[in-house]
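Q: One structure follows; several queries about it will come next.
No lab work stands behind these numbers, since they all come straight from the coordinates. Please read all numbers here as calculations on a predicted model, not as lab measurements. All Cβ positions, glycine included, derive from the backbone under ideal geometry; neighbour counts span all protein chains shown.
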Amino acid sequence: MVDVAVVGAGLAGLCCAVQLEQSGLSVQLLEAEDAPGGRVRTDQTDGFRLDRGFQILLTGYPELVHHFDMKLLRLRPFAKGALVRHGGRFHHFSDPFRGSLGTALSIALDPVVSIRDKLRLARLRHQVGQGAPADLFRKPELTTRRFLEEYGFSSKMMDRFFSPFLAGIFLEHELTTSSRYFQFLFRMLAYGDAAVPENGMEMLPRQLAVRLKSGTLRTNARVSALRRNTKGFVLDVVNEESCTAREIVVAVDDRQARFLLDSQKGRNRPLKDQVQWNRTTTFYYAADRTPIEGPLLVLNGDGPTAGPVNNAMVLSQASERYAPPGMHLIAANVVGRAPQSGSQIELLERDARTQLQRWFGADARRWAVIGGYPIVHALPLCTHAEWQQRNPRPVEGVYLCGDYLDTPSIQGALASGRRAAQSVLSHFL
């Protein structure tokens, strides 16, 4: 018998377990996969580090300083800007307030979007930086697309920059994501860095996992059912010894959480709303030379009809550890598609490579595919955003956490895990 069993060792579950254990409770953390991390994992293939889907860390997230030693992550920032592919050439689009005077002038003169749009962007940057981050979640809520259109941005600005840039973050092309969440993210991007840990995104869950006591984390432990007894709960684990706990935290996605909670026969169902998940596919290529200099994000400013790739990046330009010596790692990201059959994946990759050849020339034909990650449940769609997570204790003895309950981000996962731990402690102690 432990005080609390946490089901799921993604960022939310890890954060919750660490906080509970540091507060003096006995904890068992059960993870179905062979390592912690959930959707934040990194595979090593032939000397390359492949994050499971293109992911970034925004250094301005308020939760980070509470849970991580930022120096130990050895973050490698991306360049303050992007290359927009439009009309057969690349245009440099960046924040003129965070570069040299020469950079600012070149951006002002580049015709990819108008001066008026760039001035509106500067005004929006200033606006979202006022007050506390929580204040942004009290503003009127629209879709992101409607918010930007009502703000006055032109169709060129929407099509050539905002649509591909935000689609790569939200993983949905229509920009139906909450305008509150957009403004929060825009603040993070405007006043912080976008980065990756030197050794891959998996360094985030690893840093949390090492803070747990020996034996707290059980991997390859898939929970198949929850049962109440007179002392608390019994958690049935596939082909393993069951776990008994006074209280439980369910830190898996909504589908798995609903399955586990429904296994308690005769109980009210605390999860009634179905979460809509956005999907994506990332193809990783190995190249002996980089197609662009610097860790710049490349955006498809010609729209989806120009090809499936929404954005691409040479990750080894951010951190050399992503590729073996003398090689480069290129990530090409498709938004809204995650084919599951081998033939469909091959067809999508062929279309992606054709587009990359138009962008970068004949060299792209020789790039070797070293990884493909079609992810059906990549990010929950966020049409409504609040600063405080919804009730993490929907029924007695059961707590929920995960980014689908907060905002679809590392920030949301950590905040949700922390609040679930606080709720446990307030009822337990």
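Q: What list of whole percents do you get for P(r) of the stretch 302-429, with Cα-Cα distances grouped in 5 Å bins up to the one holding the largest distance?
A: That works out to 2, 9, 14, 14, 13, 11, 10, 9, 8, 5, 3, 1, 0, in percent per bin.
Q: Compare the Cα positions of A225, L329, Q207 along the charge dipole of the stretch 207-352 (+1 at Cβ of Lys, Arg; -1 at Cβ of Asp, Glu; about the Cα centre) and return the one farthest towards the positive end.
A: A225
Q: Taking all pairs of different Cα atoms in the stretch 370-429, averaging 1/r and flipping that mean, what Kirkwood radius in angstroms comes out?
A: With all distinct Cα pairs of the stretch 370-429 included, I get 12.7 Å.
Q: Put a dot 7 Å past each Cα toward the Cβ at S242 and E396; how far apart are the dots in nm?
A: Placing both labels 7 Å along Cα→Cβ, they lie 2.1 nm apart.
Q: Residues with beta-carbon under 13 Å from that of L64, excluding L64: net charge, scoring Lys, Arg +1 and Asp, Glu -1?
A: Neighbour charge sum, excluding L64 itself: -1.
Q: Compare the peptides 212-220, 311-319 by average per-residue count of other Cβ atoms within 10 angstrom and give them in order, highest first.
A: So the order, starting with the most tightly packed, is 311-319, 212-220.
Q: Could I ask something else about it? Sort out for me the Cα centre separation of the stretch 398-417 from the stretch 122-167, rounded to whole Å.
A: If you average the Cα positions of each part, the centres end up 23 Å apart.
Q: Can you list residues from other chains, or at least 5 along the same chain, whose modelled amide H is less than 5 Å from the amide H of D43?
A: L50, D51, R52
Q: Only helical DSSP H runs with n ≥ 4 go in: add -39500 (n - 2.57) per run for the chain, normalise by residue count and round the 222 nm mean residue ellipticity to 500 deg cm²/dmol.
A: Calculated mean residue ellipticity at 222 nm is -9000 deg cm²/dmol.
Q: Still on this structure: Using a Förster radius of 35 Å, what is the FRET efficiency between V369 and D159 based on their Cβ-Cβ separation? Nearest 0.05, please.
A: Given R0 = 35 Å and the Cβ-Cβ separation, E is 0.75.
Q: For A35, which sequence-distant residues (separation of 5 or more, or a different chain) have an amide H within less than 5 Å of its own amide H, given hydrogens modelled in the peptide plane?
A: N220
Q: Of all alpha-carbon pairs in the stretch 120-269, indicate the percentage at a distance above 23 angstrom.
A: 59 percent
Q: With all pairs of different alpha carbon atoms counted, what Kirkwood hydrodynamic radius in Å does the stretch 203-257 show?
A: About 12.9 Å for the stretch 203-257.
Q: In nanometres, what is the gap between the two model label sites at L347 and D46, each 7 Å from Cα along Cα-to-Cβ?
A: With each label placed 7 Å out from Cα toward Cβ, I get 2.6 nm.
Q: At 15 angstrom or more along the helix axis (alpha-carbon based) and mean Kyte-Doolittle of 0.5 or higher, what helices does the chain contain? Whole DSSP H runs only.
A: Result, helices passing both filters: 11-22.
Q: Want the number for E293 to R211: 0.36 nm per residue separation, take away the alpha-carbon distance, what's left?
A: Length difference between fully extended and current span is 25.7 nm.
Q: Give the long-range amide H neighbours of T244: residues separated by 5 or more places, or on another chain, with amide H under 5 Å away, using H modelled in the peptide plane at 1.01 Å from N.
A: Under 5 Å from the amide H of T244 lie the amide H atoms of V2, L235, each far enough along the sequence or on another chain.
Q: Another question, then. Total Lys pairs in the chain closer than 21 Å by alpha-carbon, pairs eight or more apart in sequence or interchain only?
A: 4
Q: Evaluate the chain: find the radius of gyration of its Cα atoms, find its Kirkwood radius, and give the ratio Rg to Rh.
A: 0.98
Q: Among 221-234, 1-14, how do they line up from the highest to the lowest mean number of other beta-carbon atoms within 10 Å?
A: Result, highest mean Cβ count within 10 Å first: 1-14, 221-234.
Q: Follow-up question, since we're still on this one. Let's see if you can work this out: charge +1 on each Lys and Arg Cβ, -1 on each Asp and Glu Cβ, no other charges. What is the dipole magnitude of the chain about its Cα centre, in debye to the nearest 20?
A: Charge dipole, the chain, about its Cα centre: 620 debye, nearest 20.
Q: Given charges of +1 on the Cβ of Lys and Arg and -1 on the Cβ of Asp and Glu, with all other atoms neutral, how large is the dipole of the stretch 335-411 about its Cα centre, in debye to the nearest 20?
A: That gives the stretch 335-411 a dipole magnitude of about 380 debye.
Q: Same structure again: Over the stretch 11-72, what is the relative contact order in whole percent, taking alpha-carbon pairs under 8 Å and six or more residues apart?
A: Once divided by the residue count of the stretch 11-72, the mean separation gives 21 percent.
Q: Express as a percent, rounded to the nearest 5, the fraction of DSSP beta bridges in the chain (both residues included) that run antiparallel.
A: Antiparallel bridges: around 70 percent, rounded to the nearest 5.
Q: Please report the spacing between the Cα centers of the stretch 356-371 and the stretch 302-337 in Å, no decimals.
A: After rounding, the separation between the Cα centres reads 10 Å.
Q: Given 25 °C and 0.890 mPa s, how large is the Stokes-Einstein diffusion coefficient of the stretch 192-292 in µm²/s, with Rh as the Kirkwood radius over Cα pairs?
A: The Stokes-Einstein estimate is 138 µm²/s.
Q: Moving on. What is the fewest-to-most order of I115, I370 by other Cβ atoms lying within 10 Å of their Cβ?
A: The fewest-first ordering by Cβ neighbours comes to I115, I370.
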